[in-house]
Protein chains: 2
Amino acid sequence: MAARDVEARIEAVRRFNRFYTRKIGVLHEGLLQSPFSLAQTRVLYELAHRERPTAGELARDLGLDAGYLSRILAGFAKAGLIEKVHSEADGRQSLLRLTDEGRRTFAPLEVLARDEIGAMLGAHSLDEQDRLVAAMDAIERLLGAKPEATAPYLLRPHQTGDIGWVVAVHGAVYAREY
Amino acid sequence: MAARDVEARIEAVRRFNRFYTRKIGVLHEGLLQSPFSLAQTRVLYELAHRERPTAGELARDLGLDAGYLSRILAGFAKAGLIEKVHSEADGRQSLLRLTDEGRRTFAPLEVLARDEIGAMLGAHSLDEQDRLVAAMDAIERLLGAKPEATAPYLLRPHQTGDIGWVVAVHGAVYAREY
DNA sequence: GCTATTGCTTGACAAAATCAACTATCTTGT
DNA sequence: ACAAGATAGTTGATTTTGTCAAGCAATAGC
């Protein structure tokens, strides 16, 4: 429980990240039969599940480049999948909405994605399925809450020869002398 | 616990996938400062942690296109990061190995990646960290074991009007009549 | 009102990934 | 032993994906 375990925890998380990176890659292959790219699918999903999002909202939440997203949305609009309505409140932004055509197009993708996950789950007993979902919920709950933006965190125990602590805050890494 | 819950489980897994897709994306941003792409980094990692892998082995395990990987490896070889040794056993394949230079190049990446995860963990209490790691281990254990390649799995409970079961096996989706 | 900021778009470009064709080697069946 | 087929890897052509900076219109802050 001491600092000695920090390395082990980090390794465990990294192993999981490698594992799940691959898993997600495999799962996404299934949607490859659709005419949409992964990014397009993610955007479609958000469009289908939000009230009247703006482009900026989607870009922020999906972590997409604004320009990139703009093109994706332009493509959707051209294909008649979405409608852009000028915002009354702020003339710079448009409120986005799936058209009926958009919903019809999206529906089979949704089925495909569901069935794929269903197949994955189906390979396991109900008990295992429950444990899996519980573990996922736990991770989401733990990592989903925004971490405190306050103190820097000790990453490695001090060792002779170290110049100080090595700390990382918000992705940036610093060395700090004693 | 009945089939009624299937949909709920599927939704939970999908939500987690969306969540973790984003998480991984954010975590990879940190390595953006390095001169290597995500794919290159993954390959480097495997090279550093395997005995004498072949290109095919890496391509399979990382899910990379053979041609794409070939170019990545050619780049590494050109930069003096790896060495290809003709396999005695099979003249078609080469055994790959990081050079000392390769190890030196890889080391700071490893530190960066570790510190990034460390920062993530550091935002949580030790107890939370333990629960996080336990949940990740659970998922890996459950999904890591190769599922039985036998029976098709029931995805949705029967409803009036259904033509039959909708089943999915290994990513392919079939309809089956009663 | 003037300036800075914000939301979005566009053009130019670079990086990442896919596909098919091809060579060299190995395996299988007869 | 040898032809036919499979496999490991490379290469060229191409597409897809993503990034960056410039620019425009609308808004917000002095």
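Restricting segment A:96-135 to residues that are of a type in the set (Gly, Ala, Ser), part of a helix (DSSP H, G or I) and surrounded by 18 or more Cβ atoms within 10 Å (Cβ to Cβ), which is farthest from the other protein chains (Cβ to nearest Cβ)?
Quick first cut of segment A:96-135, residues of a type in the set (Gly, Ala, Ser) only: A:102, A:107, A:113, A:118-119, A:122-123, A:125, A:134-135.
Subset that is part of a helix (DSSP H, G or I): A:102, A:107, A:113, A:118-119, A:122, A:134-135.
Among the residues that remain, those that are also surrounded by 18 or more Cβ atoms within 10 Å (Cβ to Cβ) are: A:102, A:113, A:118-119, A:122, A:135.
Values: A:Gly102: 19, A:Ala113: 7, A:Gly118: 4, A:Ala119: 3, A:Gly122: 2, A:Ala135: 4 Å.
Taking the candidates together, the pick is A:Gly102.
Being closer than 24 Å to A:Arg22 by Cα, within 12 Å of DNA strand D (Cβ to nearest atom) and within 14 Å of chain A (Cβ to nearest Cβ) is the requirement here; does B:Leu64 meet it?
Numbers: closer than 24 Å to A:Arg22 by Cα: yes; within 12 Å of DNA strand D (Cβ to nearest atom): yes; within 14 Å of chain A (Cβ to nearest Cβ): yes.
Yes.
So A:Leu64 passes all but one of these: (1) more than 30 Å from B:Ala119 (Cα to Cα); (2) part of a loop (DSSP other than H, G, I, E, B). Which condition number does it fail?
That leaves (1) as the condition not met.
Applying the selection to segment B:17-53, what residues are away from DNA strand C (no atom under 12 Å from the Cβ) and either closer than 14 Å to B:Gly102 by Cα or not in a helix (DSSP H, G or I) (or both)?
Of everything in segment B:17-53, those that are away from DNA strand C (no atom under 12 Å from the Cβ) and either closer than 14 Å to B:Gly102 by Cα or not in a helix (DSSP H, G or I) (or both) turn out to be B:Leu44, B:Tyr45, B:Glu46, B:Leu47, B:Ala48, B:His49, B:Arg50, B:Glu51, B:Arg52, B:Pro53.
Just to verify a result, which residue in segment A:45-61, among those that are hydrophobic (A, V, I, L, M, F, W, C) and in contact with an Asp or Glu (Cβ under 9 Å, 6 or more places away or on another chain), is farthest from DNA strand D (Cβ to nearest atom)?
Of all residues in segment A:45-61, those hydrophobic (A, V, I, L, M, F, W, C) come to A:47-48, A:55, A:58-59.
This time we only want the ones that are in contact with an Asp or Glu (Cβ under 9 Å, 6 or more places away or on another chain), so: A:48, A:58-59.
On the way: A:Ala48: 19, A:Leu58: 13, A:Ala59: 10 Å.
That would be A:Ala48.
Would you confirm whether or not segment A:13-36 contains a residue that is within 7 Å of chain B (Cβ to nearest Cβ), touching a Lys or Arg at 6+ places or on another chain (Cβ under 6 Å) and buried (at least 16 other Cβ atoms within 10 Å of the Cβ)?
no
Residues are listed down the side, and each one gets a yes or a no for (1) in contact with a helix residue (DSSP H, G or I) (Cβ under 8 Å, 6 or more places away or on another chain); (2) within 16 Å of DNA strand C (Cβ to nearest atom); (3) at pLDDT below 90:
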| position | (1), (2), (3) |
| --- | --- |
| A:Asp90 | no, yes, no |
| A:Ser94 | yes, yes, no |
| A:Asp100 | no, no, no |
| A:Glu110 | yes, no, no |
| A:Leu121 | yes, no, no |
| A:Gln129 | yes, no, no |
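For segment A:67-82, which positions are surrounded by fewer than 16 Cβ atoms within 10 Å (Cβ to Cβ) and either touching a residue at least 60 places away in the same chain (Cβ under 8 Å) or away from chain B (no Cβ under 14 Å) (or both)? Step through it out loud before you land on a result.
To start, the set of residues in segment A:67-82 that are surrounded by fewer than 16 Cβ atoms within 10 Å (Cβ to Cβ) comprises A:67-68, A:70-71, A:74-75, A:78-80.
Within segment A:67-82, A:Gly67, A:Ser70, A:Arg71, A:Ala74, A:Gly75, A:Lys78, A:Ala79, A:Gly80 meet the criteria.
The values are calculated or read from the model by the stated rules, or taken from the named source; none is laboratory data. Note that the structure is predicted; figures quoted are calculated from it, not measured. When we count neighbours, we look across all protein chains shown, and the Cβ atoms used for this are built from the backbone with ideal geometry, even at glycine.
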